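Chemist: What follows is a single structure, and I will ask about it in a moment.
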Amino acid sequence: MSLLTIIGLLPLIISVLIVAIPSKNVGLIKKVAFAGTTLIAIISILLAIGFDKSDTSLQYVQSNAWIPTFNINYSVGVDGISLVLILLSTILVPIVVLATWHESDSGRWSAKVFYVLILILETLMIGVFAATDLFLFYVFFEAMLIPIYFLIGGYGSGNKSAAAVKFLLYSLFGGLLMLASIIGVYVISGNQIGATFDLAQLATLEIDNRTENFLFLGFFIAFAIKAPLWPFHTWLPDAAKAATPGTSVLLLGVLDKVGTYGMIRFCIQLFPDASKTFTPLIITLAVISVIYGAFMAIGQKDIKGLIAFTSISHFGFITMGIFAMTSQGMSGANLYMVNHGFSTAALFLIGGWMMMRRGSSTISDFGGLQRVTPVMAWTFFIAGMSGLALPGLSSFVSEFLVLVGTYTRYPVAAIIGTLGIILAALYILIPVQKILHGPTTPGNENLADLNLREKIAITPVILVIVIMGFYPKPVLDLINPTSEQVVTNAGFSDPAAKVGK
Amino acid sequence: MLTAPSLGYALLAPMLIVLAGAVIGVLVEAFVGKTRRIAIQVTLSIGALLLSLQQLWRIRDLSSTTAAVGSVTIDKAGIFLQATILLLAVAAVLLIADQDNFVAQASALPGSPEERTALQEKSAQTEIFPLFLFAVAGMMLFTVASDLITLFVALEVFSLPLYLLAGLARRRRLLSQESALKYFLLGAYASAFFLFGAAFLYGYSGTISLVGISAAVGSANDVFLLIGIVFISVGLLFKVSAVPFHSWTPDVYQGAPTPITAFMAACTKVAAFGAILRIFYVGFAESQTIWRPIITTIAIITMLFGSIVAIAQRDVKRMLAYSSIAHAGFLLSGVVALNKDGLTASLFYLFAYGFATLAAFGIIALIRDSSGEVSDLNRWVGLGKKSPLTAAAFSFLLLSFAGIPLTSGFVGKFAIFSAAYQSGNISLVVVGVLASAIAAFFYIRVIIMMFFTDPVNDSVSVIIPSVKSKISISTSLLISLVLGIAPSLLLTTAGNYANFIR
């Protein structure tokens, strides 16, 4: 059994342990959840250490027959891209558990159900990035919706059940379109090389252009809803506003990455020709997302809504980097996925603490927190700066790579995208100023600063943001070889820099 | 001198055992005292079904397949279908054994003094069991009948008891009786259409056997063939409640006693689709250019109509009725596929859908207030708080109907759609996934009502089921669960048995 399978199974095993603990013993449930997910994080770091960076083929592979009738296998394996995303998931989960210790207390159901859902979600998140069988991926992709749906609907606030349904229906719709495409690919493989769901084999299919375009769209729309890309984004702000901060971290930080990951792994690898055909359209949508998300973020009065729209803008950058089809753009996009995960986590967690203390999520209710709660204010400031890609913080490196990578092929898109950075300064600095600086407004005088648990939870996130800003090499070393390979396999070579005449 | 033809009793035995059980059941009604009937009837029914299963197991590998002078073909697919019907029937009879769903005395007018007396005496209408067994035997015959007359006889043998059973609900009796009458009248029309079509096909080919009809294609004026196929299809599509022949379904599902609804929804679907598959794969395979566009259109309309209209339903039984209409559309995609994968997929789908449906209706029968079953969805709010386990089980079944991965419904849908794609009917696949997306909406709405809405102060509660219901529901649930995670257990078998002898 591959180490990957063990890591994937561990959350399930821990969730069984938690089921065995009596519901009343909430403290023990939380401790087991935290200890268990930390253990998983440590093992997954070991997995990363044991990963051979120079080898671009899949590692930790395992394959067992699951449904032989359709040649469906339980096949898992990781390359650089999926490895960093698995790391992102497994590291964020214990942080979320620790940071949102009391999130589960006021839900519709008990804390036990909350942690069982989180752990099931973790298994599915690991599975979705590890799957190398298209069918297996789809199963994880769709099954993931159910725990998130219950997490939003059961523990969220405000108009939570409507938001949960909107999220679920959007995702299901996309997923079903993808199912039609998966069936198409499967049947075509049956006609050409023998029916299979193995990704490496499917990539060798010769599909006629018209069919390929349709199949591509089935996948792409599903991923664009997930990512989310304008105009498929409308579920995200609602879901982010209704979900608890911890759920939002997992939703925006990890789950939405499945969308961009899927574009790289499936759209480009399986349908290189169709990807080429649709690239101009997708780059356009990505640029619109960047600008639209930024403008909407500027207009937000609600902290959660603000973070949601900044994410839409950032996902625009990621998509742009992917479809620029240059190795820099691809690397940048992959790095961006990781960085966005951590900076969103920081924003949501600290924002969540602020909202919990103040009892409001409206930006104008806050003021002058710098004086009252210096630690909370400083961490929020760093998270915000990471969100606007300040040089020296992690997001800067990835945003820079994306823009450089895009410029060599689509200069106009890159230039308009740069506008997004300027807008980012607006949408981050204005709220930061309102919330942190100035005189302390009424209602904020007696807010408590971060306690020890919260400090411990946020430290690793802030550390990653700062260290990755100065020294992204360890992660880039993992990402670069695979990114280059993806671009090359899709039949692209990096364009030579244009020389002015 | 005449020699008696060989009937092939071994092959017919599974059906004969069930029929014998039914006849003995009638005798029990005549000779056994009122109080002891129910226990005997239940034992007799289960015994007959299990014995029949055992006989089916014994003949599964027999090389000779035709019996009763060629009018019955017990081939691999036939055996699979018969076994499916028997297994579902065992689960259904355990639900039916909960007598409090049924009228105390059917002949007493609703609200009359006779009815009150019957209720006080705790008398029970135990004729249900022989009727049930006759229906099961008819269904079994329907899936293996290989000529048009036998098909018609089987159709009537299983339909007539169902018309009666639908009218026997204990509460809201007028609704129940109305639905039975509606079912009977429309069913009679459909049977007439079937017979009319059979006559045309006989006129066209000069034979009533499916193989003969297949061989005769192209030998005469195709208009008669077309008319024959269309009219036969009307009769069959009525039974599987495909649009536009579906209008009885919601009324009957709602009016009939819930265990009978469970039985009809599960077993009638298997029997009717079993016959449809046989007729189209064996009898009409050569004339596919004639009927394929028609059935494709009907499948598309059925999927969309069922899914869309279900959204407007406020009654859980009616909602599941429309959902079953949508599922009939999915299954028709397997018929249109007309390849071995399509047959395998259909066999798997029927089995998985049958058990999920049985479990769902079994659970519905448990949700009550003081005046009986509560099927109004608005009163299901907060059920997840009152009895989380029941609500979770029902949600799981709904997710299976919706086709979410890791449920049996998903595997079935995937199998059917890939067979349809394989056969080049891509439009069916696209409409199928769209309909699934629409359908997801109303399944999920029920989950919201149960889990995300606070319970109102209402007397609705989940009654504690009898041991029999408990066994039936939990077994069906377990089967749905296992088929979702390890579908190959059944898929491989379905693949091996997906074979019609021509």
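Chemist: Step by step: first the residues of region B:414-462, then only those that are part of a loop (DSSP other than H, G, I, E, B) and facing chain A (nearest Cβ under 8 Å), then the one that is surrounded by the most Cβ atoms within 10 Å (Cβ to Cβ). Which residue is that?
Modeler: Going residue by residue through region B:414-462, those that are part of a loop (DSSP other than H, G, I, E, B) are B:423-425, B:452-460.
Restricting the remaining residues to those that are facing chain A (nearest Cβ under 8 Å) gives B:452-453.
Values: B:F452: 22, B:T453: 17.
Only one residue tops the list, namely B:F452.
Chemist: A follow-up question, please. For A:I416, state whether it is part of a helix (DSSP H, G or I), over 28 Å from A:L92 (Cβ atoms), in contact (Cβ under 8 Å) with a residue 60 or more places away in the chain and of a type in the set (A, V, I, L, M, F, W, C).
Modeler: yes
Chemist: Among the residues of region B:405-412, is any facing another protein chain (nearest Cβ under 7 Å), closer than 21 Å to A:F167 by Cβ and buried (at least 23 other Cβ atoms within 10 Å of the Cβ)? First the steps, then the outcome.
Modeler: Taking region B:405-412 first, the residues facing another protein chain (nearest Cβ under 7 Å) are B:405-406.
Checking the rest, the ones that are also closer than 21 Å to A:F167 by Cβ come to B:405-406.
Right, trim to buried (at least 23 other Cβ atoms within 10 Å of the Cβ) and you get B:405.
Looking through region B:405-412, at least one residue is facing another protein chain (nearest Cβ under 7 Å), closer than 21 Å to A:F167 by Cβ and buried (at least 23 other Cβ atoms within 10 Å of the Cβ).
Chemist: May I pose another question? Report whether or not B:F280 is hydrophobic (A, V, I, L, M, F, W, C) and more than 14 Å from B:F401 (Cβ to Cβ).
Modeler: On the way: hydrophobic (A, V, I, L, M, F, W, C): yes; more than 14 Å from B:F401 (Cβ to Cβ): yes.
So B:F280 fits the description; yes.
Chemist: Going by the structure shown, is A:I152 buried (at least 24 other Cβ atoms within 10 Å of the Cβ), in contact with a helix residue (DSSP H, G or I) (Cβ under 7 Å, 6 or more places away or on another chain) and within 10 Å of chain B (Cβ to nearest Cβ)? Talk me through it step by step, then tell me what you get.
Modeler: Details: buried (at least 24 other Cβ atoms within 10 Å of the Cβ): yes; in contact with a helix residue (DSSP H, G or I) (Cβ under 7 Å, 6 or more places away or on another chain): yes; within 10 Å of chain B (Cβ to nearest Cβ): yes.
Taking the combined requirement at face value, the residue satisfies it.
Chemist: Can you tell me which condition A:L205 does not meet? The list is (1) surrounded by fewer than 21 Cβ atoms within 10 Å (Cβ to Cβ); (2) within 10 Å of chain B (Cβ to nearest Cβ), and all the others hold.
Modeler: The single condition A:L205 does not satisfy is (2).
Chemist: Something else about it: How many residues does region B:103-145 hold that are at pLDDT below 90 and either within 28 Å of B:F200 (Cα to Cα) or small (G, A, S) (or both)?
Modeler: 9
Chemist: Filter region A:417-460 for residues that are of a type in the set (S, T, Y) and within 21 Å of A:G359 (Cα to Cα); which is surrounded by the fewest Cβ atoms within 10 Å (Cβ to Cβ)? Explain how you work it out, then say what you get.
Modeler: So the first thing to find is which residues in region A:417-460 are of a type in the set (S, T, Y), and the list is A:418, A:427, A:440-441, A:459.
If we keep only those that are within 21 Å of A:G359 (Cα to Cα) as well, we get A:440-441.
Details: A:T440: 17, A:T441: 15.
By that ranking, first place goes to A:T441.
Chemist: Right, here's the next one. Name the residue, out of B:A215, B:A256, B:A265, that is under 20 Å from B:F401 (Cα atoms) and aliphatic (A, V, I, L, M).
Modeler: Details: B:A215 fails: under 20 Å from B:F401 (Cα atoms); B:A256 fails: under 20 Å from B:F401 (Cα atoms).
Testing whether each residue is under 20 Å from B:F401 (Cα atoms) and aliphatic (A, V, I, L, M) leaves just B:A265.
Chemist: Continuing with this model, one more query. List every residue pair whose Cβ atoms lie under 7 Å apart, where the two residues are 6 or more positions apart in sequence or sit on different chains, the first residue falls within region B:282-298 and is closer than 16 Å to B:S427 by Cβ and touching a residue at least 60 places away in the same chain (Cβ under 8 Å), and the second residue, located anywhere, is of a type in the set (S, T, N, Q) and not in a helix (DSSP H, G or I).
Modeler: B:T296/B:N425
Chemist: Any chance you could count how many residues in region A:99-113 are more than 14 Å from chain B (Cβ to nearest Cβ) and either within 15 Å of the chain's Cα centre (by Cα) or not in a loop (DSSP other than H, G, I, E, B) (or both)?
Modeler: Of region A:99-113, the ones more than 14 Å from chain B (Cβ to nearest Cβ) are A:99-106, A:111.
Pick out the ones that are also either within 15 Å of the chain's Cα centre (by Cα) or not in a loop (DSSP other than H, G, I, E, B) (or both) and you get A:99, A:103-106, A:111.
Residues flagged as more than 14 Å from chain B (Cβ to nearest Cβ) and either within 15 Å of the chain's Cα centre (by Cα) or not in a loop (DSSP other than H, G, I, E, B) (or both) within region A:99-113 amount to 6.
Chemist: Still on this structure, please answer the following. Evaluate the following for A:T196: is it buried (at least 22 other Cβ atoms within 10 Å of the Cβ) and more than 10 Å from chain B (Cβ to nearest Cβ)? Step through it out loud before you land on a result.
Modeler: On the way: buried (at least 22 other Cβ atoms within 10 Å of the Cβ): yes; more than 10 Å from chain B (Cβ to nearest Cβ): yes.
When the stated conditions are applied, A:T196 passes them.
Chemist: Also, I was wondering about something else. Step by step: first the residues of region A:361-392, then only those that are hydroxyl-bearing (S, T, Y) and within 14 Å of A:V464 (Cα to Cα), then the one that is surrounded by the fewest Cβ atoms within 10 Å (Cβ to Cβ). Which residue is that?
Modeler: Among residues in region A:361-392 that are hydroxyl-bearing (S, T, Y) and within 14 Å of A:V464 (Cα to Cα), the one surrounded by the fewest Cβ atoms within 10 Å (Cβ to Cβ) is A:T379.
Chemist: Of the conditions (1) facing another protein chain (nearest Cβ under 7 Å); (2) closer than 21 Å to B:V433 by Cα; (3) without any contact (Cβ under 8 Å) to a residue 24 or more places away in the chain, A:S189 clears all except one; give me its number.
Modeler: (1)
Chemist: On the basis of being more than 14 Å from chain B (Cβ to nearest Cβ) and either more than 21 Å from the chain's Cα centre (by Cα) or closer than 30 Å to A:I188 by Cβ (or both), does A:L12 make the cut?
Modeler: Details: more than 14 Å from chain B (Cβ to nearest Cβ): no; either more than 21 Å from the chain's Cα centre (by Cα) or closer than 30 Å to A:I188 by Cβ (or both): yes.
So A:L12 does not fit the description; no.
Chemist: Could you list, in sequence order, all residues of region B:465-502 that are more than 14 Å from chain A (Cβ to nearest Cβ) and free of Cβ contacts under 8 Å to residues at least 12 places away in the same chain?
Modeler: B:V467, B:K470, B:S474, B:L478
Chemist: Any residue in region B:96-108 that is without any contact (Cβ under 8 Å) to a residue 12 or more places away in the chain sitting within a Cβ distance under 7 Å of a residue that is small (G, A, S)? List the pairs, counting only those 6 or more apart or interchain.
Modeler: Correct list of pairs: B:A108/B:A118.
Chemist: In addition: Quick one: would you say B:L44 is assigned to a helix (DSSP H, G or I), surrounded by 15 or more Cβ atoms within 10 Å (Cβ to Cβ), on the phi < 0 side of the Ramachandran plot and in contact with a strand residue (DSSP E or B) (Cβ under 9 Å, 6 or more places away or on another chain)? Lay out the reasoning, then the answer.
Modeler: Details: assigned to a helix (DSSP H, G or I): yes; surrounded by 15 or more Cβ atoms within 10 Å (Cβ to Cβ): yes; on the phi < 0 side of the Ramachandran plot: yes; in contact with a strand residue (DSSP E or B) (Cβ under 9 Å, 6 or more places away or on another chain): no.
Judged against the criteria, B:L44 is not a match.
Chemist: Moving on. Of all residues in region A:240-250, count the ones that are among the hydrophobic types (A, V, I, L, M, F, W, C) and surrounded by fewer than 24 Cβ atoms within 10 Å (Cβ to Cβ). Before you say what the answer is, go through the steps one by one.
Modeler: To start, the set of residues in region A:240-250 that are among the hydrophobic types (A, V, I, L, M, F, W, C) comprises A:240, A:242-243, A:249-250.
From what's left, surrounded by fewer than 24 Cβ atoms within 10 Å (Cβ to Cβ): none.
Residues that pass the stated criteria total 0.
Chemist: Give me the pairs: first residue in region A:138-158 and farther than 10 Å from A:T247 by Cα, second residue among the charged types (D, E, K, R), beta-carbon distance under 6 Å, and six or more apart or on different chains, which are they?
Modeler: A:G153/A:K160; A:G154/A:R108
The values are calculated or read from the model by the stated rules, or taken from the named source; none is laboratory data. No experiment lies behind these values; they were computed from the predicted model shown. Methodologically, a virtual Cβ is constructed for each residue, glycine included, from the backbone with ideal geometry; neighbour enumeration extends over all protein chains shown.
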